[in-house]
Amino acid sequence: MNAHEIDYEIIGEEMQYVEIELDPQEGVIAEAGSFMMMNDGIKMETIFGDGSQKDQGVLGKIFGAGKRILTGESLFMTAFYNQAVGKKKVSFASPYPGKIIPIDLMQYGGKFICQKDAFLCAAKGVSVGIEFSKRLGRGFFGGEGFIMQKLEGDGMTFVHAGGTTARKELQPGEKLKVDTGCIVGFSQTIDYDIEFVGGIKNTIFGGEGLFFATLTGPGVVYIQSLPFSRLADRIIASAPKTGGNRKGEGSILGGIGDLLDGDNRF
């Protein structure tokens, strides 16, 4: 195996974190900002890209890291190495409520495709790259644009999904229609395309967008019930418009109720 062989435990329910156990000299890579805690004896190092190829040279490393800009991620990742004698643990937390999904790349032919912000962490040696869409419809209307992330190698990787997740195993020719934002990731054998919803009423008044994502088997698909974009939209819609006052949700008194419960101070 090229990737380090790691043990792990996913802890929690709504706000999960993954605890990874490293043997001496084993390592794990993670997105900046996902670190939670670690034992003494683990060394943290900032690296260009994912550090999966040691012999690619300076220009190769810069090019590999530069591709991450296209997915909206930082040029740098963080690597954690166990430099102690015994086993040590390091933990990485979910960025928002949802589930952490363990992906064994060996079970997916060495490649798994996911949305741009789904990757959380992986065993050292896993390559975190970009997957270009070859279809204009998917690129323009697919919600993820022309680019998704691809995780390649033979080790464990962990992706994060919002809300509750569903794992669907599609048979050859079996098609699943999904809201474009609800896709977490899928195996490389899945055919991913975009389909117009159709119908004037659906288009104008449906409120569900103009396009479905169509996923055709064979392969495995992971779906999330709460995409971060949907969560952000709800938060923005509920935010105070002026003066920092709350909306009087659930009360016929509305703003008067805010006055009575002491939220507004004179």
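The values are calculated or read from the model by the stated rules, or taken from the named source; none is laboratory data. Owing to the predicted nature of the structure, the values given are computational and were not obtained by experimental measurement. Glycine also receives a Cβ, built like all others from the backbone with ideal geometry; neighbour counts cover every protein chain displayed.
For the reader, a short list of remarks on this structure follows.
- Checklist (1) at pLDDT below 90; (2) under 21 Å from the mean Cα position of the chain (by Cα) applied to Q16, failing item: (1)
- Qualifying residue in the range 197-211 (condition: on the phi < 0 side of the Ramachandran plot, modelled with pLDDT of 95 or more and surrounded by 17 or more Cβ atoms within 10 Å (Cβ to Cβ)): no
- Reported count of residues in the range 81-104, each being free of Cβ contacts under 8 Å to residues at least 60 places away in the same chain and either buried (at least 17 other Cβ atoms within 10 Å of the Cβ) or at positive phi (or both), is 1.
- The lone exception for A123 - which of (1) surrounded by 21 or more Cβ atoms within 10 Å (Cβ to Cβ); (2) among the aliphatic types (A, V, I, L, M); (3) at pLDDT below 90 it fails: (3)
Here is a yes/no grid of residues against (1) at pLDDT 90 or above; (2) closer than 26 Å to D23 by Cα; (3) surrounded by 15 or more Cβ atoms within 10 Å (Cβ to Cβ); (4) of a type in the set (S, T, Y):
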{"position": "G49", "(1), (2), (3), (4)": "no, yes, yes, no"}
{"position": "K54", "(1), (2), (3), (4)": "no, yes, no, no"}
{"position": "V58", "(1), (2), (3), (4)": "no, no, no, no"}
{"position": "G64", "(1), (2), (3), (4)": "no, no, yes, no"}
{"position": "F76", "(1), (2), (3), (4)": "no, yes, no, no"}
{"position": "D117", "(1), (2), (3), (4)": "no, no, yes, no"}
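- Hits in the range 7-25 (condition: touching a residue at least 60 places away in the same chain (Cβ under 8 Å) and more than 16 Å from I100 (Cα to Cα)): E21, L22, D23, P24
- Which numbered condition L226 misses (of (1) outside any loop (DSSP other than H, G, I, E, B); (2) under 25 Å from P97 (Cα atoms); (3) at pLDDT 85 or above): (1)
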